[in-house]
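A short write-up of the structure that comes next.
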Amino acid sequence: MKAYLAILYARMATLLQYRAAAFAGVATQIFWAMIKTMILTAFYAQTTASQPISLVQAITFIWLGQALLALLPWNIDKELEAQVKNGNVSYELVRPIDLYSLWYARAFAIRTVPTIMRCIPVFIIAILFFGLTAPISWTAFLAFGVSLIFGSFLSTAITTLIIISLFWTISGEGIQRLMPHVALLLSGLTIPLPLFPEWLQPFLSFQPLRGIIDIPSRLYTGVIPVQEAFYYLGFQLIWILVLVGMGRWLMGRALRQIEIQGG
């Protein structure tokens, strides 16, 4: 375990150097949050139908989503991608470490460090200037925090699966170009999931990407009562275990048939 924690720490320290990128990300995310807020405000002003969440809750969903944008599994570690493509992954295979755990640790760093660097300024600016509401209670805030941690592990498991898929592709560009759009839509960042059509809700409620942003946001705003938090935390935990198990199984299959050419 010490080896993987050391790898995680080293990768986090490296990612913390990209402060200019984090600043640019903060500016971009605030801009998009303002645009989406105006669109939602116009939508609520023109509709007379009853909505599943209030305008204030919907706007909170938007700001939380933008603050946590980097948590979504929309990109992968380019160094790991290069290792698979050029065959240098063979060097990792001769080391006394578990390759899945190594990749999971690196993926966790790429998911959490940019998120932390961006979300804190976005939260502060949104609260001070754009009316982002506080959690409805301290218990809701605690449930939100635990759910966010689970969401980090869930997103990392999905990111690791994407990396493993490179063993079966020539370039890996297909899934990497498709995944950002799928993640943005099904996580509730593009449109809060409660606002999707009723006939689509059973699917949206079951798929794992809602565990990254949608469930924490519902706990934060009180759409999910605190009394039901354990059910949704269990939902996240089950998907983490399923996706980690799937990743380990696929990793085992990939390593049994991998061929490294060259010398």
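Things to note:
- Over the stretch 2-257, relative contact order from alpha-carbon pairs under 8 Å, at least 6 apart, %: 28
- Helix runs (DSSP H) in the chain reaching 24 Å along axis by Cα, Kyte-Doolittle at least 0.0: 19-46, 99-129, 138-165, 229-257
- Apportionment of accessible area to carbon and sulfur, the chain, percent (1.4 Å): 70
- Kirkwood analysis of the Cα pair distances in the chain returns a hydrodynamic radius of 19.5 Å.
- Residue with peak Gaussian network fluctuation, the chain [Cα springs, cutoff 10 Å], from Ile35, Ile76, Ile215: Ile35
The values are calculated or read from the model by the stated rules, or taken from the named source; none is laboratory data. Everything quoted here is computed from the prediction, not taken from an experiment. For accessibility, only protein heavy atoms count, side chains too; no ligands or nucleic acids. Shrake-Rupley method; radii C 1.70, N 1.55, O 1.52, S 1.80 Å.
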